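Peer 1: Here it is, the structure, as structure tokens.
Here, each number is a calculation from the coordinates, and none is a lab measurement. As the structure is a prediction and not an experimental result, all values here were calculated from the model. Cβ sites come from the backbone with ideal geometry, for glycine too, and all protein chains shown count toward neighbours.
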Amino acid sequence: MPDNGPVLSHSSSDAPARELAVLGSTGSIGTQALDVVRRNPGRFRVAGLAAGGGRVDLLAEQALEFRPDIVAVARASAAQDLQLAFYAEAKRRGYASGDYPIPKIVAGPDAVTEVAAWPCDVVLNGVTGALGLASTLAALDAGRTLALANKESLIVGGPLVKERARPGQIVPVDSEHSALAQCLRGGRAAEVRRLVLTASGGPFRGRGREELTGVTPEQALNHPTWDMGPVVTINSATLVNKGLEVIEAHLLFDVPMDRIEVMVHPQSVIHSMVEFTDGSTLAQASPPDMRLPIALGIDWPDRVPDAAPGIDWSKAHTWELFPLDDEAFPAVALARRAGELGGTFPAVYNAANEECVDAFRAGRLPFLGIVDTVARIVDEHEEHGAGPAGRPTLDDVLAADGWARARTRELTAAGRPAAGD
């Protein structure tokens, strides 16, 4: 098991501000990270911001408030919109012409990667999906501490990501993996028996498979606990997200797949647990607020005071844990299989799911068809012997990702019969 803490420390009260690049700054993770920065003046400085380009008004507001050196939009056509929004926001704030710093603005497919390699201490990768892989590799190659909220880049990149990272360079931001990292401080690697990831169960917790027929995107997006982006929210409803997290935990902490368990915990207060060889279990508990793992991720190994509200110990609490229903929610078992096959299989699992989620949201695929179709793609990848022997190269991973997306789009095209009906 690798060292889970980067070499940087911020324990001294007179330490200089930690410089931070936020990728996916207009998304759920990015906006909450900037809230942590906002409430801790002097502790952090935003050096760079990057977003897809769909919310240029918000990106302009962030740029005027935090004054980064560089701002990036992945969509090249959004560059002019961002400049106009920047000037409009400056005018709204009452700045005279030229009375405010203008950051370097970059746009296009390599823009976010440029911010990932920008001089700073920590890169928070909050980009959604496999698109975050290039930024993860760029941040690692540049020697930055990587606060990783983009689990897909680790899952897709696998050994490619791990071999680039020095010990402790990757700090997990997912609430479950942040919890595991905290609990692992309580013992040596040789003393760890198993990791236990908790899952809220999503909006359909307790339903059997037959009760999931006819689920709509609106229902799947109604998560009972967490406020997340649409892709992650639907992944939570199918439990694909938990499957991805099992693979992520295996890669982050070097614990075999068969020693990583999943329990359903409706209250979402226990974020994960580590069982040690003497029979004791350490759990990390806190109210469901992503600002806590985000703050810990960007200032690891130090804790940011009052990053989020704690548990109210003056009240009674009931915390429940249930075994996972693999028949109703087979995504975790499928992820274990992909993780055990290794090579390019995790990339295929992730790519097929991202395309299936798009098809579900567009009305071309039923809810149950998401995981059924992912399973079919994984089966075809295995049947064709497509997984390269040994460690895959980046080209292997990208080719498998591209094949899985194209094949999934073919299977979910309008008018074709879909699995899960």
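Peer 1: Given contacts defined as C-alpha pairs under 8 Å and at least six residues apart, what's the relative contact order of the chain, whole-number percent?
Peer 2: 16 percent
Peer 1: Please report the net charge: other residues with Cβ closer than 13 Å to the Cβ of Val115, K and R +1, D and E -1.
Peer 2: Cβ neighbours under 13 Å give a net charge of -2.
Peer 1: What is the gain in length, in nm to one decimal, between Glu191 and Asp306 on full extension, counting 0.36 nm per residue of separation less the C-alpha to C-alpha distance?
Peer 2: Value of the extension gain: 38.3 nm.
Peer 1: What's the center-to-center distance, using Cα atoms, between the range 59-73 and the range 239-285 in Å?
Peer 2: 36 Å
Peer 1: Here's something else I'd like to know. Which lysines have a Cα less than 18 Å from the Cα of Lys242, not counting those fewer than 8 places away in the same chain?
Peer 2: By straight Cα distance, Lys242 reaches Lys151.
Peer 1: Could you tell me the relative contact order of the range 126-203? Use alpha-carbon pairs under 8 Å, at least six residues apart, and round to a whole percent.
Peer 2: 26 percent
Peer 1: Mind sorting Lys162, Lys151 by how few other Cβ atoms lie within 10 Å of their own Cβ, fewest first?
Peer 2: In increasing order of surrounding Cβ atoms, one gets Lys162, Lys151.
Peer 1: Still on this structure, I have one more. Simple spin-label model, 7 Å along Cα-to-Cβ: Asp35 to Tyr100 in nm?
Peer 2: Each label point lies 7 Å from its Cα, and together they span 2.3 nm.
Peer 1: Equivalent ellipsoid semi-axes for the range 129-245, as square roots of 5 times the alpha carbon gyration tensor eigenvalues: give them largest first, rounded to whole Å.
Peer 2: 30, 19, 11
Peer 1: Starting from the Cα of Trp313, step 7 Å along the direction of its Cβ; do the same at Ala399; then give the gap between the two resulting points in nm.
Peer 2: 5.7 nm
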